[in-house]
Amino acid sequence: MDKRKRKSDEMPAEHALLGLLAMSDGSRHGYDLSRAFQPDSELGEIIKLEPGMLYHHLKKLERLGWVTSHQEQVERRPARSVYTLTDIGRGELTSWMIEPVEHTREIRLAFLVKLFLARQSDPDRAAALVDEQIATLERVETGQREMQETGSFSAHVRDLRLAQTRTAITWLKSLREVRS
C-alpha cells in the first residue's frame, strides 16, 4: 500500500478541517472552525476536537502546505488567525474524499467524516461514496470469511471482525434506503 495513502487515511480531523475550509470559500478563522466541532453539532458527533488540538492540526496542515494562515486585525480585539485552503490542500481533500475506507474500523471516523463532507457539498457524491463503501466492505467480508477457523482465540477475534463488517454493510445499505 502507498505510504502516502495510508498516512492520509489516518488524518480524518485534518481532512475535516480541509472540508470545512472548502465549504466556506476557502478561508475561516480558528474560532469559527472550532464551533463546527461542538458536541451538539453534526461534525462534533463524529470527532471531539478541543480548541488546542484544532490549532495543532491547523499547524500540521500549514506545514504540509495544505493551508496558509495570516493574522487579521479585529476592532478592539486581539488579532486572529485566518486559515486559507491552498490548491494543494484542495487536491488532497478531493483525493481523500473519493476513496472508500479499506478497513471496517475506519467506518466510525474517516468514513463518517467523508460522508458528512460529501453530504454538505455534493449529495450525488455522497450516494456514490456509500455505494463504493458497500462494495469495498463486501470484498473485506469475503476475505474475512475465507480466514475463518474455529477453536482458537484468533478465531474469536476474526468472528468479531466479520460481525462488525456485516453490521457496517447493513448500516450502509440502510443509508441507501434513506436517500430513496
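Descriptive notes on the structure:
- Scanning the range 57-82 for residues that are within 11 Å of HIS29 (Cα to Cα) and in contact (Cβ under 8 Å) with a residue 40 or more places away in the chain returns LEU58, GLU72, ARG80, SER81, VAL82.
- Checked against the criterion of being under 16 Å from LEU112 (Cα atoms) and at pLDDT 95 or above, the candidates GLU14, GLU42 yield just one match: GLU14.
- ALA16 vs. criteria outside the structural domain of THR165 (by TED's automatic domain parsing), among the hydrophobic types (A, V, I, L, M, F, W, C) and either without any contact (Cβ under 8 Å) to a residue 60 or more places away in the chain or surrounded by fewer than 20 Cβ atoms within 10 Å (Cβ to Cβ) (or both): no
- Residues of the range 139-155 classified as in contact with a helix residue (DSSP H, G or I) (Cβ under 8 Å, 6 or more places away or on another chain), among the charged types (D, E, K, R) and at pLDDT below 85, total: 2
- Listed by first and then second residue, the pairs with beta-carbon distance under 9 Å, at least 6 apart or on different chains, first residue in the range 39-54 and among the charged types (D, E, K, R), second loosely packed, with under 14 Cβ neighbours inside 10 Å, are GLU45/PRO39; LYS48/PRO39.
- Out of LEU93, LEU112, LEU85, sole residue that is within 13 Å of the chain's Cα centre (by Cα), in contact (Cβ under 8 Å) with a residue 60 or more places away in the chain and not assigned by TED's automatic domain parsing to the domain that holds TRP171: LEU93
- Only one of the numbered conditions (1) under 18 Å from GLU14 (Cβ atoms); (2) assigned to a helix (DSSP H, G or I) is not met by LYS173, and that is (1).
- Contact annotation: residue pairs with Cβ atoms under 7 Å, 6 or more positions apart or on different chains, pairing a residue in the range 147-167 that is assigned by TED's automatic domain parsing to the domain that holds ARG108 with a partner that is assigned to a helix (DSSP H, G or I) and among the hydroxyl-bearing types (Ser, Thr, Tyr), are ARG161/THR104; GLN164/THR104; THR165/THR104.
- Screening GLU75 with (1) farther than 19 Å from ILE47 by Cβ; (2) acidic (Asp, Glu); (3) modelled with pLDDT of 90 or more; (4) assigned by TED's automatic domain parsing to the domain that holds MET23 gives one miss only, at (3).
- Residues considered: THR84, THR150. Of these, the only one that is polar (S, T, N, Q) and part of a loop (DSSP other than H, G, I, E, B) is THR150.
- Look at the range 118-131: where a residue is not assigned by TED's automatic domain parsing to the domain that holds LEU20 and a partner is buried (at least 20 other Cβ atoms within 10 Å of the Cβ) and charged (D, E, K, R), sitting 6+ places away or on another chain with Cβ atoms under 9 Å, you get ALA126/LYS114; LEU129/LYS114.
- Criterion violated by THR136 - all others in (1) more than 20 Å from ALA22 (Cβ to Cβ); (2) touching a helix residue (DSSP H, G or I) at 6+ places or on another chain (Cβ under 9 Å); (3) buried (at least 19 other Cβ atoms within 10 Å of the Cβ) satisfied: (2)
- Looking across the range 93-130, the residues that are among the charged types (D, E, K, R), part of a helix (DSSP H, G or I) and under 21 Å from PHE37 (Cα atoms) come down to GLU106, ARG108, LYS114, ARG119.
- Residues being buried (at least 16 other Cβ atoms within 10 Å of the Cβ) and assigned to a helix (DSSP H, G or I) are entirely absent from the range 68-78.
The values are calculated or read from the model by the stated rules, or taken from the named source; none is laboratory data. Bear in mind that the values here come from a model prediction, so they are computed numbers and not experimental data. Here the Cβ is made from the backbone with ideal geometry for all residues, glycine too, and neighbour counts use every protein chain on show.
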